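To start, the structure under review is shown below, and the notes come after it.
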Amino acid sequence: MFTGLVEATGKVCSIDFQGDQARLRVSIPFASELEDGESVAINGCCLTVTIHDDQAACFDVLKQTLDVTSLGELSEGSLVNLERAMLAGGRFGGHFVQGHVDATGKIVDLSEHGQDHRLEISLPGEIQQLCIDKGSLAIDGISLTIAELKDDSAVFWIIPHTMQETRLSDARVGQKVNLEADVIAKHVAKLMEGRTA
């Protein structure tokens, strides 16, 4: 379980495609504190540390993960968002994030407005139905509040801290991003689906 509060950013050292799978190596500021088998969210996707040293960690990425996330588009030098699984008893400042990417969207707008930035992300229909105005949506593992929900996109306002401390500082229009809808919304939708059936 994660909170969507990005702990740090890292850079992709390498991504080695091995048939349908890949081995991802990422430089991580807190690599020396990790243990093999620990979970780390990379751009909002929960991955398992397979091996690490004091500077970096490796993760095996399955075909299923490459198919439903944006991780397959990473390359050497790509900036990534990092978050370790939350500790029991720790502060919970974001929202419930599982690290299970539901779909991908694209950055439609990323424009500067004074000190803030306007971020608009395209949403597939199945994600848009799970969103509400002022609700939460994880974008590349960042817990963000929906400022405006449109028919096929959502608008967010990004404060300078979030812009500087996440991979949004390196983002561009047209870039694919990972989306994870609120887990409570997903459960309610499933329950309602059963009632209507």
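Couple of notes before you dig in:
- Considering the range 49-72, and only residues there that are open to solvent by 70 Å² or more (accessible area, probe 1.4 Å), of a type outside the set (D, E, K, R) and not in a loop (DSSP other than H, G, I, E, B), the residue that is farthest from Lys106 (Cα to Cα) turns out to be Ile51.
- Within the range 74-103, the residues that satisfy the criterion of being within 19 Å of Asp182 (Cα to Cα) and modelled with pLDDT under 90 are Met86, Arg91, Phe92, Gly93, Gly94, His95, Phe96.
- Of the residues making up the range 119-138, one or more are within 16 Å of Leu82 (Cβ to Cβ) and either basic (Lys, Arg) or in contact (Cβ under 8 Å) with a residue 60 or more places away in the chain (or both).
- Test: residue in the range 148-162 that is over 18 Å from Thr3 (Cβ atoms), free of Cβ contacts under 8 Å to residues at least 60 places away in the same chain and within 16 Å of the chain's Cα centre (by Cα): yes
The values are calculated or read from the model by the stated rules, or taken from the named source; none is laboratory data. Please read all numbers here as calculations on a predicted model, not as lab measurements. Because the Cβ atoms are built from the backbone with ideal geometry, glycine has one as well, and the counts that use them run over all protein chains shown. The area values use the complete protein model at the heavy-atom level, side chains included, leaving out ligands, DNA and RNA. Shrake-Rupley method; radii C 1.70, N 1.55, O 1.52, S 1.80 Å.
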